[in-house]
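Asker: Please see the structure below; I have some questions.
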Amino acid sequence: MKRFDVIVVGELNVDLIMSGISAFPEVGKEVLGNRMVLVLGSSSAIFASNLASMGVKVAFIGKLGMDVFGDFILSCLEEKGVDTSMIKRSTLLQTGATVALSYGEDRAMVTYPGAMAQLVPADIRVEMLAEARHVHFSSYFLQPGIRPYVRELFRTAKSLGLTTSFDPQWDPEEKWDIDLQQMLPHVDVFLPNEKELLLLTRSSSLPQAIASVTGSGHIIAVKQGGKGSYCCNRQEALFKPAYYNKSVVDAIGAGDSFNAGFIYKFLQNTSLAGCQEFGNLTGAVSTTAAGGTAAFTNFKNLMDYARQKFGYEGG
Ligand SMILES: Nc1ncnc2c1ncn2[C@@H]1O[C@H](COP(=O)(O)OP(=O)(O)O)[C@@H](O)[C@H]1O
Ligand SMILES: [Mg+2]
């Protein structure tokens with residue numbers, strides 16, 4: 001019996017989110033926001049937190065500074081039941097932060113990566129991976145210390161019998177330099193959003209992008225914002241419209257919440273359609289509260305809310 005269902009390897013930072021802002025900021029001027037929250041940020045942490053809130057045993061491998069943001073992140077993760085014993089802290093590093101200016105469904109963000117850029121292969125030991133059934137990695141471009149090792153991470157995980165998932169996330173440098181042909185054979189579930197997939201594959205349409213990465217026959221789940229998602233494997237290709245939320249609070253963490261719902265069902269060997277439907281649901285739920293984790297407390301509350309708000313009929 002493994003100690004954990006999922007190990008998340010990834011970046012940790014806080015989000016300071018301001019919303020209800022009167023105009024776009026301009027250098028030399030000042031604008032006022034109506035609301036502000038400090039919440040757990042970072043794709044990997046939001047995924048870990050939301051998956052743990054559903055009752056999955058999740059552990060996290062990452063790096064933090066020895067500062068108030070680091071303390072805050074640990075308390076957020078622990079509150080949702082994420083095991084934080086493999087997170088390293090250093091007095092020499094500052095915990096990263098994102099300042100997000102939220103304008104409806106979109107946002108402008110500035111990130112100071114801090115400690116997240118300093119996660120290195122030596123921080124991830126094979127014995128740690130062997131304690132879980134599944135490994136998830138996200139935010140490839142934000143983690144230069146681990147980037148050259150990601151393929152090896154997935155390859156090692158597969159050789160230990162784990163399943164794997166990968167969300168590349170946005171490339172702030174917009175170079176989109178990943179060798180997907182090398183990486184994807186070791187990835188069971190590939191979870192980009194549509195824009196990221198087009199840029200990563202240098203494609204002008206979704207069918208073209210999908211055709212360039214389907215060779216290995218694993219699952220590709222493409223997130224399409226308020227439209228929904230497109231998921232395929234070698235046998236089937238499915239589009240499913242979103243559980244549309246017309247009064248979005250913010251879309252921060254919608255993709256990570258989709259990932260959490262999708263992987264929740266994937267771990268139970270649910271059909272592709274079932275994983276996709278649950279991913280769409282958890283993505284939609286995420287848009288009903290500020291930040292990426294506030295809408296997720298426990299599985300029962302999630303199901304009650306999903307029935308009441310979105311007419312969800314599953315379990
Ligand atoms: N306005 C919305 N209403 C309902 N569901 C949404 C909305 N926006 C996003 N979602 C759901 O969340 C998923 C992930 O959101 P998306 O914005 O595509 O991801 P990312 O954050 O990675 O860009 C979508 O596939 C969709 O199912
Ligand atoms: Mg995303």
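The values are calculated or read from the model by the stated rules, or taken from the named source; none is laboratory data. Model, not experiment: these values are computed from the prediction. Counting neighbours? That spans all protein chains shown, and the Cβs are built from the backbone with ideal geometry, glycine included.
Asker: As an exercise: evaluate GLY217 against (1) at pLDDT 95 or above; (2) more than 20 Å from the chain's Cα centre (by Cα); (3) surrounded by fewer than 19 Cβ atoms within 10 Å (Cβ to Cβ) and give the number of the one condition it does not meet.
Answerer: Looking at each condition in turn, GLY217 falls short on (1).
Asker: What's the total number of residues in region 162-220 that are under 23 Å from ALA117 (Cβ atoms) and of a type outside the set (Phe, Trp, Tyr)?
Answerer: 23
Asker: Answer with yes or no whether ALA295 is part of a loop (DSSP other than H, G, I, E, B), within 28 Å of LEU101 (Cα to Cα) and in contact (Cβ under 8 Å) with a residue 60 or more places away in the chain. Give the derivation first.
Answerer: Details: part of a loop (DSSP other than H, G, I, E, B): yes; within 28 Å of LEU101 (Cα to Cα): yes; in contact (Cβ under 8 Å) with a residue 60 or more places away in the chain: no.
No: the conditions fail for ALA295.
Asker: If you go through region 189-236, how many residues are more than 9 Å from ligand 1 (Cβ to nearest atom) and touching a residue at least 60 places away in the same chain (Cβ under 8 Å)?
Answerer: Summing the residues that are more than 9 Å from ligand 1 (Cβ to nearest atom) and touching a residue at least 60 places away in the same chain (Cβ under 8 Å) in region 189-236 gives 1.
Asker: Moving to a separate point now. When the residues of region 210-255 are narrowed to those that are within 16 Å of ligand 2 (Cβ to nearest atom) and in a helix (DSSP H, G or I), which ends up nearest to PHE166 (Cα to Cα)? First the steps, then the outcome.
Answerer: Applying the first criterion (within 16 Å of ligand 2 (Cβ to nearest atom)) to region 210-255 yields 220-231, 242, 248, 250-255.
From what is left, the residues that are in a helix (DSSP H, G or I) are 225-227, 254-255.
Working: GLY225: 18, GLY226: 22, LYS227: 22, ALA254: 16, GLY255: 12 Å.
Applying the filter and picking the extreme gives GLY255.
Asker: Follow-up. For PHE278, are the conditions met, namely being away from ligand 2 (no atom under 16 Å from the Cβ), under 20 Å from the mean Cα position of the chain (by Cα), under 26 Å from VAL58 (Cβ atoms) and surrounded by 22 or more Cβ atoms within 10 Å (Cβ to Cβ)? Before you say what the answer is, go through the steps one by one.
Answerer: Values: away from ligand 2 (no atom under 16 Å from the Cβ): yes; under 20 Å from the mean Cα position of the chain (by Cα): yes; under 26 Å from VAL58 (Cβ atoms): yes; surrounded by 22 or more Cβ atoms within 10 Å (Cβ to Cβ): yes.
Taking the combined requirement at face value, the residue satisfies it.
Asker: When region 177-198 is examined, which residues are found to be in a helix (DSSP H, G or I), crowded, with 18+ Cβ neighbours inside 10 Å and within 16 Å of ligand 2 (Cβ to nearest atom)? Spell out how you get there, then give the answer.
Answerer: Narrowing region 177-198 to residues in a helix (DSSP H, G or I): 180-186, 194-198.
Those still in the list that are crowded, with 18+ Cβ neighbours inside 10 Å too: 180, 183-184, 186, 196-198.
Listed by number, the residues that qualify are GLU196, LEU197, LEU198.
Asker: Something else: Are there any pairs with C-beta distances below 8 angstrom linking a residue in region 105-117 that is modelled with pLDDT under 90 to a residue that is among the aromatic types (Phe, Trp, Tyr) and surrounded by fewer than 17 Cβ atoms within 10 Å (Cβ to Cβ), with the two at least 6 apart or on different chains, and if so which?
Answerer: Listed by first residue and then by second, the contacts come to ALA108/PHE24.
Asker: Give region 137-164 a look and list any residue that's assigned to a strand (DSSP E or B) and in contact (Cβ under 8 Å) with a residue 40 or more places away in the chain, or say none.
Answerer: Step one: filter region 137-164 for residues assigned to a strand (DSSP E or B), giving 137-138, 163-164.
PHE137, SER138, THR163 - these are the residues of region 137-164 that are assigned to a strand (DSSP E or B) and in contact (Cβ under 8 Å) with a residue 40 or more places away in the chain.
Asker: Next up: If the requirement is being touching a strand residue (DSSP E or B) at 6+ places or on another chain (Cβ under 8 Å) and closer than 25 Å to VAL187 by Cα, which of these qualifies: GLY283, GLY253? Reasoning before the result, please.
Answerer: Working: GLY253 fails: touching a strand residue (DSSP E or B) at 6+ places or on another chain (Cβ under 8 Å).
Criteria check complete, one pass: GLY283.
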